[in-house]
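For reference, the structure discussed in these notes is given below.
Derivation of every value follows stated rules applied to the coordinates shown; laboratory data play no part. Treat the numbers as computed from the prediction; the structure is a model and nothing was measured. Positions of Cβ are generated from backbone atoms using ideal geometry, with glycine treated the same way; all protein chains shown enter the neighbour counts.
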Amino acid sequence: MFAFSVFWCYLWFSQYMLIWYSNQPEETKYFEPRVEGPYRGIFFLNIIINFITPLLLLMKRGAKRNYTTMTILAVVIIFGHWLDFFQMVHPANSSDHVPMMLYDLGIGLGFVGLIMLIVGRTLSKHPLVPKNHPFFKESVIHHT
């Protein structure tokens, strides 16, 4: 997750730097509603969620070994990438205001719920613990 977050920031900054440095009006119009317009908050929140948060939290070894921290951070990064796609697409459609995104959020949550339902049903049909395995008792004792 750390490597992908840094790689995302590298690609994002490369695109931003190229468009800023070339200073072509048809290219800089892409960033105008995002940096100076109503999407400014989403633009900088995107940087905080997708780069600064993973950078600060995943630098320590203890955080990477804690399942709760990793799970919460994974959800935050997935939401951050959804926010990234939101701010890439929506300013082109409505650059004067930020639309209500309940519909978009509902579609994303619907797909997440569908995946969880399918995975849960599939996992409930098959045993997760092997039966009659000769070294099962030793592996339980070793891990607990």
For this session: Decide, for the range 1-102, between rounded, prolate and oblate: order the square roots of the alpha carbon gyration tensor eigenvalues as a ≥ b ≥ c, take rounded if a/c falls under 1.5, and otherwise choose prolate if a/b is larger than b/c, else oblate.
Result: oblate
For this session: Kindly list the residues of the range 11-25 that lie in the label zone of Met59, defined by a backbone N under 15 Å from the point 7 Å along the Cα-to-C-beta vector.
Result: none
For this session: Sum -39500 (n - 2.57) across every DSSP H segment of at least 4 residues in the chain, then divide by the residue count to get the 222 nm mean residue ellipticity, nearest 500.
Result: -22500 deg cm²/dmol
Problem set entry | Length released on extending from Phe13 to Ile78, taking residue separation times 0.36 nm less the Cα-Cα span | 21.5 nm
For this session: Can you bin the range 48-144 into rounded, prolate or oblate? Criterion: square roots of the alpha carbon gyration tensor eigenvalues sorted a ≥ b ≥ c, rounded for a/c under 1.5, prolate for a/b above b/c, oblate for the rest.
Result: oblate
Seminar exercise, completed: His142 and Phe2 label points (each 7 Å along its Cα→Cβ direction) are spaced in nm at 2.7 nm
For this session: Rank by packing, highest mean first: peptides 33-45, 106-118, with packing defined as the count of other Cβ atoms within 10 Å averaged across residues.
Result: 33-45, 106-118
